[in-house]
1. Of 92, 191, 165, which is farthest towards the positive pole of the range 74-223's charge dipole, taken about the Cα centre with +1 and -1 on the beta-carbons of Lys, Arg and Asp, Glu respectively?
2. Beyond 23 Å, what share of the Cα-Cα pairs of the range 97-235 remains, rounded to the nearest whole percent?
3. What chymotrypsin sites (Phe, Trp or Tyr not before Pro) in the range 74-153 are in a loop by DSSP, with at most 12 other Cβ atoms within 10 Å of the Cβ?
4. Just in the range 129-161: which GluC sites (Glu not before Pro) are loop by DSSP and have at most 15 other Cβ atoms within 10 Å?
5. Estimate the FRET efficiency between residue 160 and residue 207 by the formula 1/(1 + (r/R0)^6), using the beta-carbon distance for r and 35 Å for R0, to the nearest 0.05.
6. Filter the trypsin sites (Lys or Arg not before Pro) in the range 146-185 to those in DSSP coil with at most 11 other Cβ atoms within 10 Å of their Cβ, and list the result.
7. Mind giving me the nanometre distance, one decimal, between the label points for residue 195 and residue 140, set 7 Å out from Cα along Cα→Cβ?
8. Measure off 7 Å from each Cα along the Cα-to-Cβ vector at residue 128 and residue 93, then give the distance between these two points in nanometres to one decimal.
Amino acid sequence: MNDNKQLTGNTSPQPPQTPQPSTLSTLFHALGTVSKWVLGGIALFILLVIIASYLIYRSVVATGADIEVDQRIGITPTQIASIKQIGEWEFLSVSDEEMVDTTRNRFFADDELVRIYYGTLRLGIDMNEVKGQWIKKEKDTIIVTLPPIKLLDEKFIDEAQTKAFYESGKWTDEDRQMMYERARQRMRARCLNRQNIESAEQNASRQFNQLMRSMGFSQVTIRFEGGSIKVKSEE
């Protein structure tokens, strides 16, 4: 009996203990908070992208009339600009020579000068001379209108190769310049003929068609200002 009383006297009520949160539940709570911030940031980023895309679209529509026209023919302004940057494009070269003589009458003896001139005439086009809408589309065909074939360089005589075939008396630089101009005019008239121009047009048509095909166009018609038409259609 005494032992039981002593045990009962030593026993006292214990205060209730508060359960401590586990490490795993704390981690889940933190991840949930971070996820909310991440989702909010992603939503804000998407909204900004949508707004920026809309503003860019409005800007293109407002200022891109020319781009819209080019897209209808399937060729970009950059491609058109790169073609124009070619500048002078040679399609035929013709080598020629001309002998020119002149005589000056004197009392005792005549002065005479004979000179031989050599030159190469370059026939082609200048892409800087193309006019508006020089590339357009009709149905499934690309129509290209090029400037007329012309002489690309009027100073085609190689003066370093000019030879004095015969010379007697005294001649000035002005006399020689007059002979040079006579030779140039004769060579120009002889080489810049219909046959050579048509040959240059054929070469231009073939090379330009290859250029357009490399850009993905299979049906191409090449025209020249003034009426010449070279049709070249390939599948």
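Derivation of every value follows stated rules applied to the coordinates shown; laboratory data play no part. Worth saying up front: this structure is predicted, and the values here are computed from it rather than measured. Cβ coordinates were reconstructed from backbone atoms using ideal geometry, including for glycine residues, and neighbour counts include every protein chain displayed.
1. 92
2. Distances greater than 23 Å cover 52 percent of the Cα pairs.
3. Values: sites: 89, 91, 107, 108, 117, 118, 134; in loops: 107, 108, 134.
Listed in order of number, the matching sites are 107, 108.
4. 154
5. Working: r = 31 Å, r/R0 = 0.88.
The formula returns an efficiency of 0.70 here.
6. Here the trypsin sites (Lys or Arg not before Pro) that fit, given the DSSP loop and packing criteria, are 155, 170.
7. Each label point lies 7 Å from its Cα, and together they span 4.0 nm.
8. So the label points at residue 128 and residue 93 sit 2.1 nm apart.
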